[in-house]
1. Which residue pairs have Cβ atoms under 8 Å apart, sit 6 or more places apart or on different chains, and have a first residue in the stretch 109-132 that is closer than 13 Å to residue 66 by Cα and a second that is within 16 Å of ligand 1 (Cβ to nearest atom) and in a strand (DSSP E or B)?
2. With the requirement that a residue be modelled with pLDDT under 95 and outside any helix (DSSP H, G or I), what does the stretch 185-210 give you?
Amino acid sequence: REEMMFEHEKMRLVGELAAGLAHEIRNPLAILRGFLQHSKQRQYNIEPWYGLMIDEIIRMNKLTVEFLQFSKPDPSSYGIHSLHECLQKVVFLTGPKVADLGLELAYIVDKSDTQVRIDMSKMVQVFVNIVNNALEAEAKSGNGTVTLKLSKEESRVVVEVRDMGMGIREQDMKQIFNPFFTTKADGTGLGLSISKKIVQDHGGDIEVSSSPGRGTTFFVFLPVVSG
Ligand code: ADP
Ligand code: MG
């Protein structure tokens, strides 16, 4: 019964996200349509707007790609893995972005025997989302280093993602986990809402602490598998 509730809740959220997604995609579509119609009627040359049109298409693509992370069904993909293995993949996958932005990602392993029951690809995505946000914050301000730290408390594994970026404003704090909330020109606002849902599906949670102008730390907690 618990499982059914779980599925029901999930479907509700997917529906909510789908409605939001449709809304988010309508605007860029209307913009593209407008440009093309004007061009067809030879009212003006749209060539100077190609860049903007491509940006709108990139944005729609990003929205659908990120949305798929959430809705893609994969039933029995949970397995016992070390979270260290998961974070190594994250370091590897974020490598190109770290290099492109001229930043550094410091991975600190306090405890490596961190067995957790996870859907590996989903959990990798969670940390990629959080690290990407930290890198984007560092790219704007900060000292150039994002710190990823793996440690362990009694019954849970703790992953910390720390940046020295611009921080999160008090009034935004309440909203950052809401689908489609973004403060970025090219953001989707899906990363954190999807990540939180995935972590909660794993019996864990995400917390955040931030001081505006000084930086942000995200904490991800996951239950340890004993034995
Ligand atoms: P997106 O990155 O597409 O904007 P997210 O769901 O990943 O969407 O994040 C939502 C918002 O939370 C961001 O737009 C930003 O305002 C805020 N945020 C998340 N992580 C950080 C961070 N490390 N530093 C500052 N702001 C952050
Ligand atoms: Mg993001």
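The values are calculated or read from the model by the stated rules, or taken from the named source; none is laboratory data. Computed from a predicted model, the values in this text were never measured in an experiment. We place every Cβ from the backbone using ideal geometry, glycine too, and count neighbours over all the protein chains shown.
1. 126/220
2. 185, 186, 187, 188, 189, 190, 202, 203
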